[in-house]
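For reference, the structure discussed in these notes is given below.
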Amino acid sequence: MVSVVMLISVCAILALAVSAFFAIKVNSVKITTAEVGASEEVVARLREISGAIAEGAMAFLAQEYKFVGIFVVAFAVVIAITLDNPETANVNEGLFSAAAFVIGAFISSVCAFLGMKIATVGNVRTTVAARRSITEAFKMAFHSGAVMGFGLTGLAVLGLLIVVVVFDNILSAAGIEKHYIMEMVAGFGLGGSTVALFGRVGGGIYTKAADVGADLVGKIEAGIPEDDPRNPAVIADNVGDNVGDIAGMGADLFGSCAEATCAALVIGATSAALAQDMNALLYPLLISAVGIPVCLITAFFARLKPDATQVEPVLRGQLLISTALMSVALYFVTKNFMLDSFSIGGVEITNNKVLFSVLSGLWSGMLIGYMTEIYTSHQYKHVRRLAAASDKGPAINIIYGLSLGYESAVVPVLAVAATVYASWTMAGMYGIALSAIGMISTIATGLTIDAFGPVADNAGGIAEMSHLGKEIRDRTDLLDAAGNTTAAIGKGFAIGSAVLTALALFAAFLTRAHFEALNLLSPTVFAGLFVGGVLPFLFTAQTMLAVGRAAEGMIHEVRRQFREIPGILEGTGRPDYRACVAISTNSALKEMIAPAILVIFSPIVVGVVFGVEALAGVLAGSMITGIVMALSTSNSGGGWDNAKKYIEKHEGKGTDKHKAAVVGDTVGDPFKDTSGPSLNILMKLMAIISLVFVPFFQTGHSWLMGILGLGQ
């Protein structure tokens, strides 16, 4: 039989090779007068604008990762000191967990950097390609997204495989049992999720501070178009698209992939049969690896006709094709590499039950993505109804948008509930973890079409600022409209995978804490449910206020420049773009601290002070309210955004109806790009921290109770 380690390695290397291939294709387009087919003045303008966006994006990433680097080192020291399991006394569990944590954080950071780099290169090249045809522009944006999609997946799979193999070789020789080894490997997922926290929250605050400031002062007060070069916040706005939707989304899904796999490895290693068969034990990692060639085949179907009037069907088809192909691939992988039968925690599991669990997550993910599209795309009644309500003013627009979001959460939550029930019935806690991996098994395709959006959005902005004309802007707007839809689908997909990943980590936490069942009638658990249930609301309040405070500074700066710099609105004066970029950067770095403290320290405080039973209640409560809050806020924001674009396309700009829609879109900006997506990290990071720190919670709580004289 082919070694699973070899097969996973080949798939991961294939992903990196594909990513490099697309990166070379994107970079091969030179921004010259011959290539662009325009004057030296236009080319110089293209270079200047794209360079400013790239400079701003990389400057923010550099500043953010200085802070993240310090935190990662400090937290690694805490892990190394606090984790001391008596069962692994002959090795330092803390050191191995800390090493895995640092490796996970480093790879997640590299993925964000590479994604940001290619996005800021691909945006201007998409603009240039749009001068030739919509087909060429589509290819360029898709190839840029594919660099992120395949590169991140390859690094995640290869990085985790190396950690597992190295730890297994070292620790098995020291006589450490497999399930303890996999508990140490879980630090990898913690590292990835920690970086994702700062990427999602910091990036979300950055992008929305710029967007809200640019919209309220530029579009509503000054009456100038979106992406108009006269708007001082326009460069910061375009930078924010990359910071939030490239770096943030990439780190988020990297975390989901790493965490769900770690959870499955921790649970699977408790089975004596799986622990003795490395091929079967690594089955969860193999799922993500096999998704790579499946997504590569799917990418060949991403073709746009020259006379196309819609791009969404092509990108939407990528989800369906990859899901169908993955279903077939999973059948053969499961039959060849998973054991015919084994047991975990007294649950008898067969080969077919494993396959069913993975497929339930895979198809549930596609359903959640499509339901998100139905509620956020202008092709369907919900967004059109929201657009029609805008003629009654901003208040009615906001009321309709909120109701859209609340309603949109129903079917996805039911889909997750059905997946949980089916997979748990089939394979117990292991089935939950496998369903989470199944949902993100086509992550390369999901990230490709998600990263497509910011690249297309930036391309439109660059076309507008470079005065390339209506025809070019119409082509980039066509791509941007599709990008908005796929971004909404990506957010729904990310939220669904986040809650399943959090549930998988929760199951691994219960396994590691030796809970056979959780008593909901226990006052400790019940109180924990209420505390956990309110945490997503507090976190949302913090991130919304953070965007509000950051946007205030941007609004004041844009107004100041309009007032004090002569000739800006007439086009004769030059705005100070750097000042607005600096405001977004500094605000994001400052405002992300409070939400980060809430997420990281809540499980630690509860675990030490009240014990793992109370913490179990907190985790369950945060997942239940977190998924509803995340879906409703993200979809309300997406609906408001596309309702505004629907009005602009069919009725034009500048009317009272359009202004009402702009207000709704501005309210929705932090909903869909900051608070909603960031809740993914709250659910996952709290769960992975709880899993990794179980020994510390148990010994720390016992020590505290002894000091207080309260007993066990």
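For the chain, the spherically averaged projection of the C-alpha convex hull amounts to 28.7 nm². Per residue, the accessible area of the chain comes to 34 Å², computed with a 1.4 Å probe over protein heavy atoms only.
About the centre of its Cα atoms, segment 65-192 shows a dipole size close to 1080 debye [charges on the beta carbon of Lys, Arg (+1) and Asp, Glu (-1) only; nearest 20 debye]. For segment 278-287, backbone phi angles converted through the Karplus equation (6.51, -1.76, 1.60; θ = phi - 60°) give residue-by-residue couplings of 4, 4, 6, 4, 7, 3, x, 6, 5, 4 Hz, Gly and Pro being listed as x. Fully extending the segment from Ala20 to Arg132 would add 37.8 nm, taking 0.36 nm per residue of separation and subtracting the current Cα-Cα distance. For segment 120-126, putting each phi into the Karplus relation 6.51 cos²θ - 1.76 cosθ + 1.60 with θ = phi - 60° gives couplings of 7, 8, x, 4, 5, 6, 5 Hz, in residue order, rounded to whole numbers and with x for Gly and Pro. Calculated mean residue ellipticity, 222 nm, the chain: -28000 deg cm²/dmol, from DSSP H runs (n ≥ 4) at -39500 (n - 2.57) each, averaged per residue and rounded to 500.
Here Lys353 is the anchor, and the lysines within straight C-alpha reach of less than 19 Å, apart from those fewer than 8 places off in the same chain, are Lys335. Free of any GluC sites (Glu not before Pro) that DSSP assigns to a loop and that have at most 12 other C-beta atoms within 10 Å, the longest stretch within the chain is 1-515. Which of rounded, prolate or oblate describes segment 490-646 when judged by the alpha-carbon gyration tensor and an a/c cut-off of 1.5? Prolate. Between 0 and 90 degrees, the angle of helix 40-82 with respect to the longest Cα principal axis of the chain falls at about 20 degrees.
Maximal additional length on extending the Lys335-Phe301 stretch stands at 9.5 nm, based on 0.36 nm per residue less the C-alpha distance. Computed from the Cβ-Cβ distance with R0 of 35 Å, the FRET efficiency linking Ala74 to Glu552 stands at 0.65. The aspartates and glutamates within cross-link reach of Lys392, meaning a Cα-to-Cα straight distance under 16 Å and a gap of 8 or more places when in the same chain, are Glu651, Asp656, Asp665. One Cα centroid belongs to segment 168-203, the other to segment 415-442; the line between them spans 21 Å. Nearest 10 degrees is fine. How inclined is helix 694-708 to the longest principal axis of the chain, computing both from alpha carbons? The two axes meet at around 70 degrees. Our note on the geometry: Cα centres of segment 469-512 and segment 43-60, 26 Å apart. Amide H contacts for Ser343 (H built 1.01 Å from N in the peptide plane; partners 5 or more residues away or on another chain; cut-off under 5 Å): Ala273, Ile349. Shown here: segment 364-403, whose C-alpha atoms stretch 37, 18, 8 Å along the first, second and third principal axes, sorted largest to smallest. Rounded to the nearest 20 debye, the dipole size of the chain about its Cα centre is 820 debye, using +1 on the Cβ of Lys and Arg and -1 on the Cβ of Asp and Glu.
Using a cutoff of 8 angstrom between alpha carbon atoms and counting only pairs six or more residues apart, the relative contact order for the chain works out to 20 percent. Put simply, when 167-176, 242-251, 540-549, 263-272 are sorted by average Cβ atoms within 10 angstrom per residue, most first, you get 242-251, 263-272, 540-549, 167-176. For segment 579-618, the Cα-based Rg and Dmax, in that order, read 15.9, 50 Å. The long axis of helix 351-376 is offset from the longest Cα principal axis of the chain by roughly 20 degrees. If the chain linking Asp391 and Thr655 were pulled fully straight, counting 0.36 nm for each residue of separation and taking away their Cα-Cα distance, it would gain 94.1 nm.
The values are calculated or read from the model by the stated rules, or taken from the named source; none is laboratory data. Everything numeric in this text was worked out from a predicted model, so none of it was measured. Methodologically, a virtual Cβ is constructed for each residue, glycine included, from the backbone with ideal geometry; neighbour enumeration extends over all protein chains shown. When the accessible area is computed, the model is the full protein with side chains, heavy atoms only, and any ligands, DNA or RNA have been set aside. Shrake-Rupley method; radii C 1.70, N 1.55, O 1.52, S 1.80 Å.
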